[in-house]
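Here the structure comes first, spelled out in structure tokens, and everything after it is commentary.
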Amino acid sequence: MVTNPPDLRPDLAPRARIADAPRPGQPTIGMVSLGCPKALVDSERILTRLRAEGYAIGPDYAGADAVIVNTCGFLDSAKAESLEAIGEALAENGRVIVTGCLGADPGYITGAHPTVLAVTGPHQYEQVLDAVHAAVPPDPDPFVDLLPASGVSLTPRHYSYLKISEGCNHKCKFCIIPDIRGRLVSRPAHAVLREAERLVEAGVKELLVISQDTSAYGVDLKHAEEKGHRAHITDLARDLGSLGAWVRLHYVYPYPHVRDLIPLMAEGLVLPYLDIPFQHAHPETLRRMARPAAAAKTLDEIAAWREMCPEIALRSTFIVGYPGETEEEFQTLLDWLDEAQLDRVGCFKYENVAGARSNALPDHLPEEVKDERWHRFMEKAQAISEAKLAAKVGQRLEVIVDEVDADGVATCRTKADAPEIDGCLFIDADAEGLTPGDFVTVAVDESGDYDLWGERVPNA
């Protein structure tokens with residue numbers, strides 16, 4: 001019962017504080033959580049509620065009275081893997097409740113798997129609980145259950161995702177997330193901060209701030225102040241930065257007010273890291289995507305950010321092979337990448353998504369063209385990454401330890417690395433005594449395409 005966002009593989013092996021040791025007769029639920037970190041937070045909330053009601057969390061299919069599959073429905077390939085995960089759970093357990101983004105289209109699921117017990121959409125926590133109650137009635141022990149539950153975490157103890165809003169107001173033609181999850185709904189700032197405080201008190205060393213559009217946080221609330229905290233991303237970032245943990249911002253759109261976040265990074269309140277989905281660089285491609293066509297201004301913004309905070313790391317994702325993308329437009333993207341010199345880059349080959357407006361666009365590209373452009377893009381991105389990491393050799397960097405294996409090799413991350421999507425820094429000697437969540441200073445002595453190696457700096 002663990003999520004694997006990069007490749008969507010379902011995996012019921014326990015991680016960190018997941019599996020319980022059920023008492024005799026205690027109803028037990030398993031979970032397969034697929035998709036992005038936002039879905040992971042939904043899974044955590046569902047399991048937290050179930051544990052509070054007296055359910056145990058099972059580590060495998062065989063020991064569970066029912067299995068919840070939290071699905072991804074963003075791309076057709078993700079939908080296929082979600083259906084595969086549902087089928088596997090049905091084959092192994094037989095009693096399956098489906099939720100998540102794919103659940104927004106119940107007929108799609110029941111058409112493939114008519115024997116599922118129930119289907120609910122994304123962040124429909126009450127409906128999921130109702131379905132669990134119907135399938136596996138709760139049987140709490142008043143002496144040991146129904147106590148205030150600590151939150152169930154599907155991540156290691158030392159980092160946690162912090163969802164600040166749901167939904168999105170953008171209308172990008174390739175995306176159906178607003179149709180699935182609705183328009184922007186921000187959480188009150190005081191509620192976000194209270195959750196963050198509890199996480200830090202429980203030992204979390206890194207808060208990963210997520211939403212569909214982090215920059216737009218609080219727009220729907222008109223940036224109102226409540227209980228001393230204003231619902232604006234700059235104010236929220238400053239408040240979170242006061243808690244003493246690393247704060248990493250994901251899914252930030254390059255609105256003008258993003259500049260106000262950079263001084264917080266320069267001051268050390270927030271990690272010098274921005275995850276910004278640029279998607280493309282050519283104005284015409286961006287126009288067909290229904291995204292702001294301001295690539296030149298974006299380069300100006302990147303230069304301004306780096307001037308204010310030279311150590312800032314920039315991560316982004318792009319789509320190649322979008323309908324109508326010409327060779328000239330693609331070359332503009334490669335040239336833009338050369339100039340932008342982003343630190344971390346991901347790239348997707350365009351594919352149709354049921355319900356997306358981009359499906360109706362003319363001039364869809366052959367798969368071989370999309371594949372060829374993807375390889376050219378990633379070759380350039382890899383070369384940039386390799387050069388940037390080579391420049392870090394000889395530097396001293398603060399890292400957080402994620403894991404120490406049986407051979408004594410510590411897998412760590414720098415401030416420029418988000419878990420599971422960016423690179424790692426490895427300490428392969430003198431890692432004795434390190435545990436996940438430790439902060440340590442490392443002298444970098446080797447680099448690769450995406451990863452670093454180094455030695456601990458004594459007494460640092």
*Pairwise label distance in nanometres, GLN341 with THR115, each label 7 Å out on the Cα-Cβ vector*: 5.9
*At a probe radius of 1.4 Å, what is the per-residue accessible area of ASP220, in Å² to the nearest 10?*
60
*Accessible-area value, GLU92, 1.4 Å probe, nucleic acids and ligands omitted, Å²*: 120
*Under 12 Å from the Cα of LYS370 - aspartates and glutamates, other chains or at least 8 residues apart*: GLU325, GLU327, GLU351
_Using the alpha carbons of the chain, what is the convex hull volume per residue in cubic angstrom, as a whole number?_
156
*Around ASP438, which amide H atoms from residues at least 5 apart in sequence, or from another chain, sit under 5 Å from its own amide H, with H modelled in the peptide plane?*
VAL401
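Accessible area, 1.4 Å probe, largest first: how do PHE348, PHE330, PHE439 sort?
Greatest to least solvent exposure: PHE348, PHE439, PHE330.
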*Are there cysteines in the chain with no second cysteine's Cβ under 4.7 Å away, and if so, which?*
CYS36, CYS72, CYS101, CYS168, CYS309, CYS347, CYS412, CYS424
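Indicate the gyration tensor shape class of segment 292-407 (rounded, prolate or oblate), computed on the Cα atoms with a ≥ b ≥ c the square roots of the eigenvalues: a/c under 1.5 is rounded; otherwise a/b larger than b/c is prolate and the rest oblate.
Note, shape of segment 292-407 comes out prolate.
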_Å² per residue, accessible surface of the chain at 1.4 Å_ = 42
*asked:* With +1 on the Cβ of every Lys and Arg and -1 on the Cβ of every Asp and Glu, and nothing else charged, how large is the dipole of the chain about its Cα centre, in debye rounded to the nearest 20?
replied: 1520
*Note down the accessible area of THR48, probe 1.4 Å, to the nearest 10 Å².*
30
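Given the -39500 (n - 2.57) contribution per DSSP H run of 4+ residues, what per-residue ellipticity at 222 nm results for the chain, rounded to the nearest 500 deg cm²/dmol? Before the final figure, lay out the partial values.
Details: 12 runs with 143 residues, N = 460.
Result for the chain: -9500 deg cm²/dmol, rounded to the nearest 500.
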*For segment 294-392, which whole percent of the accessible surface, found with a 1.4 angstrom probe, sits on carbon and sulfur atoms?*
53
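The values are calculated or read from the model by the stated rules, or taken from the named source; none is laboratory data. Keep in mind the model is a prediction, meaning the values are calculated, not measured. So basically every Cβ, Gly included, is an ideal-geometry build from the backbone, and we count neighbours across all protein chains shown. Ligands, DNA and RNA are excluded from the accessible area calculation, which covers all protein heavy atoms including side chains. Shrake-Rupley method; radii C 1.70, N 1.55, O 1.52, S 1.80 Å.
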